[in-house]
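Asker: Have a look at the structure that comes next, please.
The values are calculated or read from the model by the stated rules, or taken from the named source; none is laboratory data. Just so we're clear, the structure is a prediction, and the values are computed from it rather than from any experiment. Please note: Cβ atoms are built from the backbone with ideal geometry, for glycine as well, and neighbour counts cover all protein chains shown. Ligands, DNA and RNA are excluded from the accessible area calculation, which covers all protein heavy atoms including side chains. Shrake-Rupley method; radii C 1.70, N 1.55, O 1.52, S 1.80 Å.
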Amino acid sequence: MGKTKNTSLDTVVTDFILLGLSHPPNLRSLLFLVFFIIYILTQLGNLLILLTVWADPKLHARPMYILLGVLSFLDMWLSSVIVPRIILNFTPASKAIPFGGCVAQLYFFHFLGSTQCFLYTLMAYDRYLAIRQPLRYPVLMNGRLCTVLVAGAWVAGSIHGSIQATLTFRLPYCGPNQVDYFICDIPAVLRLACADTTVNELVTFVDIGVVAASCFMLILLSYANIVHAILKIRTADGRRRAFSTCGSHLTVVTVYYVPCIFVYLRAGSKSPLDGAVAVFYTVVTPLLNPLIYTLRNQEVKSALKRITAGGGTE
């Protein structure tokens, strides 16, 4: 829990050193190439989804795909906040990050991450309305309401990120300045604080726990109602089509939440496995999202075919 350091407060940390991921020196070039390719593919994949939703009239008029486009936009930014710093760790360049840069990285990581949690919840709610209220769905989830809900998710995420960054960096940092992690995240940075961190750890646990748990429970509640509604459908084909509209989102939620729960329930752990799992949900998940939606979603695949065939505006 909390701790107090006796390091002299006369020393003020002006930058941090990100120690990054532990790796054998002989694999440095290979890891650089792997993460570089992951980053490029993440940006291209999500940009493709974003452009497809924007260019195809059949998609950008539907809230489900508006939310998908926002998710792709979030994934592109989340990847850009994290992966370039990881790539830098595999080069001879300095591993130092300015104090302000560390503040910004922590803020945007939690801002974008929490906004993503809220967005997954909105996507579950959208599927709930589409299946439980199919006739009233165009009225209940119209473009204006979708825009308001998405804006609310961004605002709530920004508030969450601001709270976490403010609480973390209101503490004095007087050395050492080596962050034993691949990004400036709360647990790793708090270990370097020259003050008692009990309140910070408690507020962080409650705040992140409330955001993640409430979103996860709302998603589970939505899907419980969805399953109940699907089971009432009499035809097997109808049930299959109803399940297919939820399959991609359910897969994405599972890929995102399972690693998150593993990492944050083991916040005090020092196991190398924790770092690997954290890399998965912060680096690999944004890469998988466009693949999941293009491989599992027939409407997205059809839209891609229309666009590549020159029919995106028909």
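Asker: Please state which of the following conditions C102 fails to meet, knowing it meets all the rest: (1) of a type outside the set (A, V, I, L, M); (2) in contact with a helix residue (DSSP H, G or I) (Cβ under 8 Å, 6 or more places away or on another chain); (3) farther than 21 Å from V13 by Cβ.
Answerer: In the conditions (1) of a type outside the set (A, V, I, L, M); (2) in contact with a helix residue (DSSP H, G or I) (Cβ under 8 Å, 6 or more places away or on another chain); (3) farther than 21 Å from V13 by Cβ, C102 misses (3) alone.
Asker: Restricting attention to the range 146-163, does a residue exist that is surrounded by 22 or more Cβ atoms within 10 Å (Cβ to Cβ), touching a residue at least 24 places away in the same chain (Cβ under 8 Å) and not hydrophobic (A, V, I, L, M, F, W, C)?
Answerer: Among the residues of the range 146-163, at least one is surrounded by 22 or more Cβ atoms within 10 Å (Cβ to Cβ), touching a residue at least 24 places away in the same chain (Cβ under 8 Å) and not hydrophobic (A, V, I, L, M, F, W, C), which makes the answer yes.
Asker: I'd like to know if the range 6-22 contains one or more residues that are among the acidic types (D, E), in contact with a Phe, Trp or Tyr (Cβ under 8 Å, 6 or more places away or on another chain) and modelled with pLDDT under 95.
Answerer: Yes, because at least one residue in the range 6-22 is among the acidic types (D, E), in contact with a Phe, Trp or Tyr (Cβ under 8 Å, 6 or more places away or on another chain) and modelled with pLDDT under 95.
Asker: Output the residues belonging to the range 172-191 that are touching a residue at least 24 places away in the same chain (Cβ under 8 Å), touching a Phe, Trp or Tyr at 6+ places or on another chain (Cβ under 6 Å) and open to solvent by less than 10 Å² (accessible area, probe 1.4 Å).
Answerer: Once the filter is applied, which keeps residues that are touching a residue at least 24 places away in the same chain (Cβ under 8 Å), touching a Phe, Trp or Tyr at 6+ places or on another chain (Cβ under 6 Å) and open to solvent by less than 10 Å² (accessible area, probe 1.4 Å), the range 172-191 yields only V179.
Asker: Evaluate the following for D196: is it open to solvent by 50 Å² or more (accessible area, probe 1.4 Å) and either touching a His at 6+ places or on another chain (Cβ under 9 Å) or closer than 24 Å to V277 by Cβ (or both)?
Answerer: No; evaluated as a whole, the condition is false for this residue.
Asker: Kindly provide the set of residues from the range 74-94 that are surrounded by 17 or more Cβ atoms within 10 Å (Cβ to Cβ), in contact with a strand residue (DSSP E or B) (Cβ under 9 Å, 6 or more places away or on another chain) and outside any helix (DSSP H, G or I), ordered by number.
Answerer: Of everything in the range 74-94, just one residue is surrounded by 17 or more Cβ atoms within 10 Å (Cβ to Cβ), in contact with a strand residue (DSSP E or B) (Cβ under 9 Å, 6 or more places away or on another chain) and outside any helix (DSSP H, G or I), namely N89.
Asker: Somewhere in the range 270-281, is a residue modelled with pLDDT under 75 and among the hydroxyl-bearing types (S, T, Y)?
Answerer: Checked the range 270-281: at least one residue is modelled with pLDDT under 75 and among the hydroxyl-bearing types (S, T, Y).
Asker: Take A195 and tell me if it is more than 24 Å from the chain's Cα centre (by Cα) and within 30 Å of N26 (Cβ to Cβ).
Answerer: Considered against the rule, which asks whether it is more than 24 Å from the chain's Cα centre (by Cα) and within 30 Å of N26 (Cβ to Cβ), A195 comes out as no.
Asker: Out of the residues in the range 22-73 meeting the condition of being in contact with a helix residue (DSSP H, G or I) (Cβ under 6 Å, 6 or more places away or on another chain) and not in a helix (DSSP H, G or I), tell me which one is most open to solvent (accessible area, probe 1.4 Å).
Answerer: H23
Asker: Got a sec? Which helices (runs of 4 or more DSSP H) wholly within the range 133-222 have at least 3 residues that are in contact with a helix residue (DSSP H, G or I) (Cβ under 9 Å, 6 or more places away or on another chain)?
Answerer: 143-169, 186-190
Asker: So in the range 10-21, with the set limited to residues that are β-branched (V, I, T) and in a loop (DSSP other than H, G, I, E, B), which one is least open to solvent (accessible area, probe 1.4 Å)?
Answerer: It comes out as V13.
Asker: Consider C102 against the criteria (1) open to solvent by 10 Å² or more (accessible area, probe 1.4 Å); (2) in contact with a strand residue (DSSP E or B) (Cβ under 7 Å, 6 or more places away or on another chain); (3) modelled with pLDDT of 90 or more: it satisfies all of them except one. Which criterion is unmet?
Answerer: Result: C102 passes all but (1).
Asker: For the range 219-252, give me the residue count where each residue is among the aliphatic types (A, V, I, L, M), open to solvent by less than 50 Å² (accessible area, probe 1.4 Å), at pLDDT below 80 and within 16 Å of the chain's Cα centre (by Cα).
Answerer: Residues that pass the stated criteria total 1.
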